[in-house]
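The values are calculated or read from the model by the stated rules, or taken from the named source; none is laboratory data. None of these values were measured; they are calculated from a predicted model. Methodologically, a virtual Cβ is constructed for each residue, glycine included, from the backbone with ideal geometry; neighbour enumeration extends over all protein chains shown.
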Ligand code: ASP
């Protein structure tokens, strides 16, 4: 009897732990949106003035998405316009504010995906397009292809009316100093490193992304980035690889941030959607599976929304700039795990 009681209490406690890790339910929301501004080692000692700038940036971008979705606009419009807003904000590593390559230039990646059609547009190695996400959308809607790279991506841009800039438009002093520090560290250390954090302890990646569900029940995802500080010639990260850093289908829309090579190896965004589809797990659980069973601590963060409007934003890094809102008025603007 005593044994039976302890088994029952263990089962009850486990069930409670299981439930408390999962906030997803089946009540259909009219619309929902989540966005991120990058995951990484973000010190809790961040000065209050800088913290407030980040919160303001996240809130402003969230408002852009809210106005579109509340008005019955599409998930695709919402994610494109939110990401554009973040690309124009020099705090984040996308568009203006992008990190420097090893050659002290900027090479930008972006992708967008329409969950209702599996349409997708992706670009890598852009050097003169002010808002890569809008060009990605044109690739999706106006070209017979999905993914353009480097010279070809610039050539494709020439055939469109997207705004062009000189490469130094993307330059910011903060990112330049970050690059200088990265250069010093990489020449000082000879042994190969296993994670980017071994090289650059205080690197705030700062990629941006957005996911949304609209009132027509359609899902979309968009991600944009300057990549990794000090990246080598032609390096392609996870962001424009459909299924790795960006993915949307009828189940969920997902945008990733973090160490691109790891995210790619695990085809992470697609794995989250597949895990839900194949095992029937919730969005929260599918994301935990990728973060805990596939990736290593410190690798990445994800934002995602499922077809009923559940939002999940989780990371295995110390922080992730993120914000979300749904039609029921549930609102989050956060950097660290507990705030
Ligand atoms: N995932 C991006 C990359 O590796 C970086 C980031 O998320 O900030 O290109």
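Hey, any hits in the range 149-159 for a residue that's in contact with a strand residue (DSSP E or B) (Cβ under 6 Å, 6 or more places away or on another chain) and under 16 Å from residue 222 (Cβ atoms)? Checked the range 149-159: no residue is in contact with a strand residue (DSSP E or B) (Cβ under 6 Å, 6 or more places away or on another chain) and under 16 Å from residue 222 (Cβ atoms). State whether one or more residues within the range 88-107 are over 25 Å from residue 181 (Cα atoms) and within 15 Å of the chain's Cα centre (by Cα). No.
The set of residues from the range 21-60 being modelled with pLDDT of 90 or more, away from the ligand (no atom under 16 Å from the Cβ) and closer than 21 Å to residue 328 by Cβ comprises 27, 28, 29, 30, 31, 32, 33, 59.
If only residues of the range 287-308 that are touching a residue at least 40 places away in the same chain (Cβ under 8 Å) and within 16 Å of the ligand (Cβ to nearest atom) are counted, the one that is surrounded by the most Cβ atoms within 10 Å (Cβ to Cβ) is 302. Do the conditions hold for residue 234, that is, is it touching a strand residue (DSSP E or B) at 6+ places or on another chain (Cβ under 9 Å), modelled with pLDDT of 90 or more and surrounded by fewer than 19 Cβ atoms within 10 Å (Cβ to Cβ)? Taking the combined requirement at face value, the residue satisfies it. Can you tell me which residue in the range 91-124 is modelled with the lowest pLDDT, limited to those that are surrounded by fewer than 18 Cβ atoms within 10 Å (Cβ to Cβ) and within 16 Å of the ligand (Cβ to nearest atom)? The qualifying residue modelled with the lowest pLDDT is 102.
Checked across the range 66-81, the condition of being more than 24 Å from residue 252 (Cβ to Cβ), at pLDDT 95 or above and away from the ligand (no atom under 16 Å from the Cβ) holds for no residue.
Does any residue of the range 275-288 turn out to be closer than 23 Å to residue 133 by Cα and out of contact with any helix residue (DSSP H, G or I) (no Cβ under 6 Å at 6 or more places or on another chain)? No, there is no match, as no residue in the range 275-288 is closer than 23 Å to residue 133 by Cα and out of contact with any helix residue (DSSP H, G or I) (no Cβ under 6 Å at 6 or more places or on another chain). Please specify each residue of the range 259-286 satisfying the condition of being under 18 Å from residue 209 (Cα atoms), at pLDDT 95 or above and crowded, with 24+ Cβ neighbours inside 10 Å. Listed by number, the residues that qualify are 263, 268, 269, 272, 273, 283.
Here residue 242 passes the criteria (1) touching a strand residue (DSSP E or B) at 6+ places or on another chain (Cβ under 6 Å); (2) near the ligand (Cβ under 8 Å from one of its atoms) except the one numbered (2).
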